[in-house]
Ligand SMILES: O=P(O)(O)OC[C@H]1O[C@@H](O)[C@H](O)[C@@H](O)[C@@H]1O
């Protein structure tokens, strides 16, 4: 990476995203990159003096346990501007105040509707040629609206100036998948439907709504996590081999994989499940039922847990069910599970059949484990299993730091390309339509559990759940 000087202007700087994720991400990036020179400019509708803003930044970084020296580097050069991003005059003056000897990144840490309004304003202004736009998810709310937003953006900037942020592309596990898949023969030879029976990508969070009703109650788990994050994780896990790691190649392959993806059986009802949490306690903390959380509209029927099963209909993967699942107020299982097919033949004389092999990538903490069949524990010709485990170690840098490092370098490698964002919506849109028409029941699960009882029974091989064996594994 060569660019080492940039002005990072955060629009929506008074919000939760800025203090909880962006600023700590920036600090972890600076901690490892003494060469980077970032002018941070905060902008929001609130009125703060530069000193008040610096205090907010310092507090956010202290709360998030950022190293002292990195915190002071962020604070040192920062300033603040009160700004209404929907006012053309104010935006023009703001942009003029930023231009100096370095490229400018406009980071939109704003609600989607305000981001779009701000982009409409930008479309009317004279913009520097090297301006970069960093846009948070959700990018649109359907394939059509994502396409419309892409049309708006590309009417005034080039695609390579647009950085659609998905912080899962900056997660150590997701980046490690590339090395693991393409750096050794053991996995590359078995990476297809010939050897793999099913895949699950599970991201269950222990946290509940956490005062985010304003956004979450309109989004729900499917839009919040599956449409963006988990489909991209799936693409990294299942894409064809890149000949080089660059933004064109990697994003072509991600797009290629997603274009082949469709709902399992092309059936949005049978391939999807939704549920929401009921009251309970996690680690001694009382959590109300989702419908009783502050700001929630029960009539909206927002799901806090969603599961879809898809298929990548190409020569490598046809027929392999891939289940994506994520929810709030759950047990906290976060892993990718790759289940292999049973061996073709078991030598006559063995007592039982061996358990099929299972490879797991743990997400946060980053781990890798392989459960393999072996024998000997119970007798020379009696199968047992062995678990090979590795701690992959977390990157020092938080996912937002990783993502920011590429944006600052002007490299869209870890940003979502416009067609990829549209493709993700194309996959989930039929499910959203089936749910809106109430064709899939909204089930319930107690806070802190592993999910609805019925899903667990189905996963254990009992039944009652249309997804049957494609649901939660019992282990
Ligand atoms: O575990 P992480 O990195 O915080 O990512 C999960 C978060 O990702 C965000 O994009 C979602 O909006 C949140 O609802 C979710 O909690």
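The values are calculated or read from the model by the stated rules, or taken from the named source; none is laboratory data. Please read these numbers as outputs of a predicted model, since none were measured by experiment. As a convention, Cβ positions derive from the backbone with ideal geometry for all residues, glycine included, and neighbour counts pool all protein chains shown.
So which of 421, 436 ends up being within 16 Å of the ligand (Cβ to nearest atom) and modelled with pLDDT of 95 or more? Let's see the steps before the verdict.
On the way: 436 fails: within 16 Å of the ligand (Cβ to nearest atom).
After ruling out the rest, the residue left standing is 421.
Quick one: what pairs do we get from segment 149-172, first residue over 19 Å from residue 203 (Cα atoms) and free of Cβ contacts under 8 Å to residues at least 60 places away in the same chain, second within 16 Å of the ligand (Cβ to nearest atom) and assigned to a helix (DSSP H, G or I), C-beta under 8 Å, 6+ apart or different chains?
From segment 149-172, no pairs qualify.
Among the numbered criteria (1) farther than 17 Å from residue 114 by Cα; (2) within 15 Å of the ligand (Cβ to nearest atom); (3) surrounded by fewer than 21 Cβ atoms within 10 Å (Cβ to Cβ), which one does residue 141 miss?
Going through (1) farther than 17 Å from residue 114 by Cα; (2) within 15 Å of the ligand (Cβ to nearest atom); (3) surrounded by fewer than 21 Cβ atoms within 10 Å (Cβ to Cβ) one by one, residue 141 breaks only (1).
Looking at segment 21-51, which of the residues that are closer than 19 Å to residue 87 by Cα and out of contact with any strand residue (DSSP E or B) (no Cβ under 6 Å at 6 or more places or on another chain) is nearest to the ligand (Cβ to nearest atom)?
Out of the qualifying residues, it is 44.
Restricting to segment 254-269, name every residue that is under 21 Å from the mean Cα position of the chain (by Cα) and either touching a residue at least 40 places away in the same chain (Cβ under 8 Å) or not assigned by TED's automatic domain parsing to the domain that holds residue 442 (or both). First the steps, then the outcome.
Filtering segment 254-269 for residues under 21 Å from the mean Cα position of the chain (by Cα) gives 254-263.
Matches in segment 254-269: 254, 255, 257, 258, 259, 260, 261, 262, 263.
Before we move on, is residue 180 at pLDDT 95 or above and either away from the ligand (no atom under 16 Å from the Cβ) or assigned by TED's automatic domain parsing to the domain that holds residue 23 (or both)? Steps first, answer last, please.
On the way: at pLDDT 95 or above: no; either away from the ligand (no atom under 16 Å from the Cβ) or assigned by TED's automatic domain parsing to the domain that holds residue 23 (or both): yes.
The answer is no for residue 180.
Consider residue 175 carefully, then state whether it is in the same structural domain as residue 253 (by TED's automatic domain parsing) and within 16 Å of the ligand (Cβ to nearest atom). Before you say what the answer is, go through the steps one by one.
Numbers: in the same structural domain as residue 253 (by TED's automatic domain parsing): yes; within 16 Å of the ligand (Cβ to nearest atom): yes.
So residue 175 fits the description; yes.
Could you grab me the full set of residues in segment 366-404 that are in a loop (DSSP other than H, G, I, E, B) and farther than 11 Å from residue 172 by Cβ?
At the first step, the residues of segment 366-404 found to be in a loop (DSSP other than H, G, I, E, B) are 366, 376-382, 392-398.
Answer for segment 366-404, where residues must be in a loop (DSSP other than H, G, I, E, B) and farther than 11 Å from residue 172 by Cβ: 376, 377, 378, 379, 380, 381, 382.
Where the second residue is surrounded by fewer than 14 Cβ atoms within 10 Å (Cβ to Cβ) and assigned to a loop (DSSP other than H, G, I, E, B) and the first is at pLDDT 95 or above and lies in segment 232-249, which pairs have Cβ atoms under 9 Å and are six or more apart or on separate chains?
Close Cβ pairs (under 9 Å, with a partner that is surrounded by fewer than 14 Cβ atoms within 10 Å (Cβ to Cβ) and assigned to a loop (DSSP other than H, G, I, E, B)) amount to 249/243.
Could you look through segment 266-281, keep only residues that are assigned to a loop (DSSP other than H, G, I, E, B) and touching a helix residue (DSSP H, G or I) at 6+ places or on another chain (Cβ under 6 Å), and pick out the one that is farthest from residue 427 (Cα to Cα)?
Looking only at segment 266-281, we keep the residues that are assigned to a loop (DSSP other than H, G, I, E, B), and these are 267-271, 279.
With touching a helix residue (DSSP H, G or I) at 6+ places or on another chain (Cβ under 6 Å) added as a condition, the list becomes 268-269, 271.
On the way: 268: 10, 269: 13, 271: 12 Å.
For segment 266-281, the residue satisfying everything is 269.
Taking segment 197-232, which residues are under 14 Å from the mean Cα position of the chain (by Cα) and within 9 Å of the ligand (Cβ to nearest atom)?
Correct list: 203, 205, 221, 224, 225, 228, 229.
Mind checking whether some residue in segment 265-278 is modelled with pLDDT of 95 or more, closer than 16 Å to residue 310 by Cβ and within 16 Å of the ligand (Cβ to nearest atom)?
To start, the set of residues in segment 265-278 that are modelled with pLDDT of 95 or more comprises 265-278.
If we keep only those that are closer than 16 Å to residue 310 by Cβ too, we end up with 265-274.
This time we only want the ones that are within 16 Å of the ligand (Cβ to nearest atom), so: 274.
Looking through segment 265-278, at least one residue is modelled with pLDDT of 95 or more, closer than 16 Å to residue 310 by Cβ and within 16 Å of the ligand (Cβ to nearest atom).
I'd like the full set of residues that are over 13 Å from residue 38 (Cβ atoms) and over 13 Å from the mean Cα position of the chain (by Cα), limited to segment 397-416. I'd like the intermediate steps shown before the answer.
Applying the first criterion (over 13 Å from residue 38 (Cβ atoms)) to segment 397-416 yields 397-400, 402-403, 406, 410-416.
Answer for segment 397-416, where residues must be over 13 Å from residue 38 (Cβ atoms) and over 13 Å from the mean Cα position of the chain (by Cα): 397, 398, 402, 406, 410, 411, 412, 413.
Taking segment 38-55 on its own, how many of its residues are without any contact (Cβ under 8 Å) to a residue 60 or more places away in the chain and surrounded by fewer than 21 Cβ atoms within 10 Å (Cβ to Cβ)? Give the steps one after another, and end with the answer.
Taking segment 38-55 and keeping what is without any contact (Cβ under 8 Å) to a residue 60 or more places away in the chain, we get 40-55.
After this cut, where a residue has to be surrounded by fewer than 21 Cβ atoms within 10 Å (Cβ to Cβ) as well, the list is 45-52, 54-55.
Adding up the residues that qualify gives 10.
Would you tally the residues in segment 340-373 being under 23 Å from residue 193 (Cα atoms) and more than 16 Å from the ligand (Cβ to nearest atom)? Don't jump to the end; show me each part of the working.
Start the filter on segment 340-373 by keeping residues that are under 23 Å from residue 193 (Cα atoms), which leaves 340-346, 353-362, 368-373.
Subset that is more than 16 Å from the ligand (Cβ to nearest atom): 340-346, 353-360, 368-373.
Going through segment 340-373 one residue at a time, the tally reaches 21.
How about segment 53-102: which of its residues are at pLDDT below 95 and not in a helix (DSSP H, G or I)?
If the condition is that a residue be at pLDDT below 95 and not in a helix (DSSP H, G or I), then 64, 65, 66, 67, 77, 99, 100, 101, 102 are the ones that fit.
For residue 328, which of the numbered conditions (1) within 16 Å of the ligand (Cβ to nearest atom); (2) surrounded by 15 or more Cβ atoms within 10 Å (Cβ to Cβ); (3) over 30 Å from residue 446 (Cβ atoms) fails to hold?
Failing condition for residue 328: (3).
Answer yes if at least one residue in segment 243-253 is assigned by TED's automatic domain parsing to the domain that holds residue 446, outside any loop (DSSP other than H, G, I, E, B), under 24 Å from residue 360 (Cα atoms) and within 16 Å of the ligand (Cβ to nearest atom), and no otherwise. Full working, then the answer.
Taking segment 243-253 and keeping what is assigned by TED's automatic domain parsing to the domain that holds residue 446, we get 243-253.
Still in the list and also outside any loop (DSSP other than H, G, I, E, B): 247-253.
If we keep only those that are under 24 Å from residue 360 (Cα atoms) as well, we get 250, 253.
Filter again for within 16 Å of the ligand (Cβ to nearest atom), leaving none.
No, the conditions are met nowhere in segment 243-253.
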